[in-house]
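Comments concern the structure below.
The values are calculated or read from the model by the stated rules, or taken from the named source; none is laboratory data. Fair warning: this is a prediction, and the values are worked out from it, not measured in the lab. Here the Cβ positions follow ideal geometry from the backbone for every residue, glycine too, while neighbour counts run over all protein chains shown.
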Amino acid sequence: MQFLEYFNDLNLNIILAMCYFVILGVLCIIYPLYKKEHIKFLIIGHALIAIAISMLSLRNIAPDIISIVIGNMLLLGGEYLIIVGFLKAVNRKIKYKYLITSYVIFTIIHIYFTYVVPNVNYRIVNFSVFMILAIMMFMISYMGKLKHQSDIPYVVIWLTYLLFILNHFARMINAIAYEVINQLFRDANILKLIY
């Protein structure tokens, strides 16, 4: 059990934020070489995610408006910008109205489940639903770019986002089926899998 103590949400979020900062650094190095518009979206998206994860790590330290509301808004916004970057990279039409509308609806619902009816599980479901919708929009637009099965980079990106959808479905099922989750690795169901 000693080793498991290091796997708390704060430590995992710090590691994840560091990974996003490294990706951000690589993108900042690449951008001057290619100067492509889609790389700007990827840079801003990764920056927002790195900042968001850092803010989410401050839960119970910083006010809820920072650690829950703004953190999750930046996280979803960063994910949306990465999707826009990928779509711009392959010259696909981007449905900005859909993204902005879904972002505003997500924010309203998220604030509701933070202050009016505080429930972390409903916030997890809210975030996952809007991520799944955005990813599905991305995948449908991206599929049109696949000319044939030998387009390995396109297929890899498409399959990666399919795994993201499955991950968000699993998070939703866990949030709906079980009681309030305080820490991922202190959850009784996760501990049952480990021991």
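Taking segment 1-55 as the range and being assigned to a helix (DSSP H, G or I), at pLDDT below 85 and farther than 21 Å from ILE70 by Cβ as the test, the residues that pass are PHE3, LEU4, GLU5, TYR6, ASN11. For segment 62-74, filtering for residues that are under 12 Å from ARG123 (Cβ atoms), of a type in the set (A, V, I, L, M, F, W, C) and buried (at least 20 other Cβ atoms within 10 Å of the Cβ) leaves 1.
Applying the set (1) within 19 Å of VAL120 (Cβ to Cβ); (2) touching a residue at least 12 places away in the same chain (Cβ under 8 Å) to ILE82 leaves exactly one unmet item: (1). Has segment 78-87 got any residue that is surrounded by fewer than 18 Cβ atoms within 10 Å (Cβ to Cβ), more than 15 Å from the chain's Cα centre (by Cα) and assigned to a helix (DSSP H, G or I)? Within segment 78-87 (the criterion being surrounded by fewer than 18 Cβ atoms within 10 Å (Cβ to Cβ), more than 15 Å from the chain's Cα centre (by Cα) and assigned to a helix (DSSP H, G or I)), the answer is no, since none of the residues qualifies. Looking at segment 95-114, is at least one residue in contact with a Ser or Thr (Cβ under 8 Å, 6 or more places away or on another chain) and in a helix (DSSP H, G or I)? No - not one qualifying residue is present in segment 95-114. Residues of segment 88-100 include at least one that is in contact with a His (Cβ under 8 Å, 6 or more places away or on another chain) and either under 23 Å from HIS168 (Cα atoms) or not hydrophobic (A, V, I, L, M, F, W, C) (or both). Evaluating ARG59 against the criteria (1) surrounded by 15 or more Cβ atoms within 10 Å (Cβ to Cβ); (2) in a helix (DSSP H, G or I); (3) at pLDDT below 90 leaves one unmet condition, (2).
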